[in-house]
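Working notes, structure below.
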Amino acid sequence: MEHLLLGFSVVGTPANLFYCFVGTFLGTVVGILPGVGPLATIAILMPLTAKMDVTSALLMLCGIYYGVAYGGTATSVLLRIPGEASSVITCLDGYMMARNGRAGSALTIAAVGSFIAGTIGTVAISYLSPPLAKLVFAFGPAQYAALMLAALAAVTYFSGGALLKALLMVGLGLTIGCVGADPMTLTPRLTFGSLSLVGGIDLTPLAIGLFGFSEIIAMARQPVSKLRIIPPPRTFLGFLPNREETRRSVAPVARGTVLGFLVGVLPGGGAMLASFLSYAVERKVSRHREEFGKGAVEGLAGPETANNAGTAGALLPLLCMGLPANAISAVLLTAFMIHGVAPGPAMIERQPEVFWGLIASMYIGNVMLLLQNLPLIGLFVKILEVPRAYISPLIMLLCVIGVYSSGNDSDVAVAVFFGFLGYFLRKMDFDLGLLILAYVLGPILERSLRQALTISGGDLSIFVQDYLTVGLLVAAAIFLLLGLWPTRRLSLRDD
Amino acid sequence: MRLSLERLTFLIGLGFALLLLWQAAGLDTWSVIGPGPGLFPVLTTAFCCIVAGLLFVFPSLARSDVDAERAPEPPLDLAERRTFVIYCGALPLLAVASAYFGFLLTSVILVLVLTWLAERRNWRSAVIYGVLCGTVGVIGFGYFLGANLPATAIDNFLLQLVR
């Protein structure tokens, strides 16, 4: 409890509250806007925060991460356009509720459910982090390498689509992570003799290219259509759900919170898988199954809660073990490292103000999101009325600012290259989130692998000498074998 | 063996992976202090070669029921294709312009290309919007947030006005 109070004292300064507000506000806007997702936004802002105070910068970037789910809900309910992947399922019953004249109730149930899930998820992180972090101390290089492999296999399995295509993206991500000088011997690797590649390929141009520029090209490919927004209520009373809606949303919110958090903690789980699973569960247990797809309260409350709980859950392995569960948390991991913070047990011990400040900011951020989203939702949705002719150059210029801020002049060309590559890979149904995740995990995996082999003098039996390593490697193998099973129904791309 | 776009993609992937493997193979996989700089790149590039090779030989392994459920993209009409091509052309232009013309001019050029040429909006409003974006970028991001933006005399003049 005293740790949490320390966190609140850190966040309570006017500057940190302001950055927390900016993060959650940007998160909501990004969740609404097509063409720029949380990953690209964090990548753009990451270098800009380099000169900021560590805690303020991380509060803002994390605010974007968990604020996105709120913004995505609004467009799903009012337009049937999911601003974010995790809000896809909300388009079914949330939009139908809005069409039935219950837009205000739908938005309130989603926002309050998200708030409850976010808050309970944060409480769970507060209490689970310290014991989990202690567990990580038992990990040596061999165990850590096995953990990374298990995480990559799990993420590949949950990514949906064909297993080999997912594995190819993982391989490509790991290979891109090798480009540049070797961190131990400084030998140039995979540079083809180019001096500009000796520094490696930075995450910022890579992420901005794959998720920013490629999205702009994809936007240009789509015909311009006139949006038909269902107007949100103008009065406060219009947002209040009736007694029946409130009663029916209680159990789905509770189930969605627990399910979402547990799924979020899994590598590759995340918000989208949580929302899909919650919808399936609600449809199974509901007494109003016939209403699903026609505006069932349970079909909105469960998934909306689950996706926020999943977002919170994904932060647990990141903060305690330095293990990102999805592509966005992988980018967040890099942001932490840029600021000299290594997520994991050492962070809780050596930088408690940053760790507990982040936890406290999630409590405060969830309140801010609730307060921003209900009264201002009509205003937020107006952003979508800005024509593509004005939005797309703006996004491109923001991308350029992000790339330039990362330091290297030639990075714009790198980002443009990855923009075209990303667009092509998207068209061929490759999962770009896996590429980013593998790119971030690659150097950590390599370091652990090399340390383990150095300790053992090159003896590979170090990977079968204890139950933990063997268990993790068996888990990785099981995930890969399960991936070969032909009937995986969900597309779980959390980018 | 028919060379579909899918198969061609895997072939290009395989070729690229082989090229990288060739690069990685030139590095030491083992040194006096333990695993060398080449060990991990050799493993990852070899892995890419195997997976791309499998996909090239058995393209059916690249299909899943999720992909089968996706509707194909509708074809573009002439005007839409023109817009798409201009957007694609704007990206390399952006890389070149930002390297030589500074941020303000790049903004104006980019907005003119996208808003006026691709989206057929009024050129005057495009110029005004471009200047506005550039000015906000230079002053807001370049000055207040300290972003390292490309600068020419015009950008420096703007910065001098606010200093």
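The values are calculated or read from the model by the stated rules, or taken from the named source; none is laboratory data. These numbers were taken from a predicted model, which means no experiment stands behind them. For neighbour counting, all protein chains shown are included, and Cβ atoms are generated from backbone atoms with ideal geometry for every residue, glycine included. Accessible surface areas use protein heavy atoms only, side chains included; no ligands, DNA or RNA. Shrake-Rupley method; radii C 1.70, N 1.55, O 1.52, S 1.80 Å.
Laid out as a table, the results:
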item	result
The one condition in (1) away from chain B (no Cβ under 12 Å); (2) modelled with pLDDT under 90 that residue A:473 fails to fulfil	(2)
Those residues of the range B:108-130 which are in contact (Cβ under 8 Å) with a residue 12 or more places away in the chain and among the hydroxyl-bearing types (Ser, Thr, Tyr), in sequence order	B:115, B:129
Residue selected from the range A:177-213 under the condition closer than 19 Å to residue B:23 by Cα and in contact (Cβ under 8 Å) with a residue 60 or more places away in the chain, by the criterion surrounded by the most Cβ atoms within 10 Å (Cβ to Cβ)	A:178
Residue B:102 surrounded by 20 or more Cβ atoms within 10 Å (Cβ to Cβ), of a type outside the set (Phe, Trp, Tyr) and more than 19 Å from residue A:416 (Cα to Cα)	no
Condition check for residue A:366: more than 8 Å from chain B (Cβ to nearest Cβ) and open to solvent by 40 Å² or more (accessible area, probe 1.4 Å)	no
Residue within the range A:165-181 that is farther than 30 Å from residue A:274 by Cβ and more than 11 Å from every other protein chain (Cβ to nearest Cβ) present	no
Helices (runs of 4 or more DSSP H) lying entirely in the range A:182-277 (those with 2 or more residues that are within 28 Å of residue A:48 (Cβ to Cβ) and either within 14 Å of chain B (Cβ to nearest Cβ) or aliphatic (A, V, I, L, M) (or both))	A:203-207, A:214-221
Considering residues of the range B:13-45 that are touching a residue at least 24 places away in the same chain (Cβ under 8 Å), over 15 Å from residue A:442 (Cβ atoms) and open to solvent by less than 40 Å² (accessible area, probe 1.4 Å) only, the residue farthest from the other protein chains (Cβ to nearest Cβ)	B:14
Some residue of the range B:39-49 being in a helix (DSSP H, G or I), over 30 Å from residue A:145 (Cβ atoms) and of a type outside the set (Asp, Glu)	no
Criterion (under 30 Å from residue B:7 (Cα atoms), facing chain A (nearest Cβ under 7 Å) and open to solvent by 70 Å² or more (accessible area, probe 1.4 Å)) met by exactly one of B:81, B:121, B:63	B:63
Some residue of the range B:95-103 being free of Cβ contacts under 8 Å to residues at least 60 places away in the same chain, farther than 16 Å from residue A:220 by Cβ, in contact with a Phe, Trp or Tyr (Cβ under 6 Å, 6 or more places away or on another chain) and not charged (D, E, K, R)	no
Only one of A:276, A:355 that is at pLDDT below 85 and closer than 22 Å to residue A:88 by Cβ	A:276
Top-ranked residue of the range A:214-225 - restricted to ones that are at pLDDT below 90 and aliphatic (A, V, I, L, M), ranked as most open to solvent (accessible area, probe 1.4 Å)	A:224
Residue, modelled with the highest pLDDT, within the range A:439-451, restricted to residues that are open to solvent by less than 10 Å² (accessible area, probe 1.4 Å) and more than 9 Å from chain B (Cβ to nearest Cβ)	A:448
Which listed residue is touching a helix residue (DSSP H, G or I) at 6+ places or on another chain (Cβ under 7 Å), surrounded by 24 or more Cβ atoms within 10 Å (Cβ to Cβ) and free of Cβ contacts under 8 Å to residues at least 60 places away in the same chain, from A:301, A:314, A:306	A:314
Selection count where residues are farther than 20 Å from residue A:202 by Cβ, open to solvent by less than 10 Å² (accessible area, probe 1.4 Å) and either modelled with pLDDT of 85 or more or assigned to a helix (DSSP H, G or I) (or both), scope the range A:318-345	3
Residue identified as under 22 Å from the mean Cα position of the chain (by Cα) and either surrounded by fewer than 16 Cβ atoms within 10 Å (Cβ to Cβ) or closer than 21 Å to residue A:412 by Cα (or both) among B:162, B:127, B:108, B:138	B:108
Evaluation of residue A:356 against (1) within 18 Å of the chain's Cα centre (by Cα); (2) farther than 22 Å from residue A:28 by Cα; (3) outside any loop (DSSP other than H, G, I, E, B); (4) of a type outside the set (Asp, Glu) (one fails), failing number	(1)
Any hit, the range A:429-449, residues being among the aliphatic types (A, V, I, L, M) and without any contact (Cβ under 8 Å) to a residue 60 or more places away in the chain	no
Matching residues in the range A:234-273 - criterion: being of a type in the set (Ser, Thr, Tyr) and under 18 Å from residue A:90 (Cα atoms)	A:246, A:249, A:257
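Each row is one residue, and each column tells you yes or no for (1) within 25 Å of residue A:76 (Cβ to Cβ); (2) in contact (Cβ under 8 Å) with a residue 24 or more places away in the chain; (3) part of a helix (DSSP H, G or I).
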| site | (1), (2), (3) |
| --- | --- |
| A:361 | no, yes, yes |
| A:368 | yes, yes, yes |
| A:371 | yes, no, yes |
| A:374 | yes, yes, yes |
| A:377 | yes, yes, yes |
| A:397 | no, no, yes |
| A:401 | no, yes, yes |
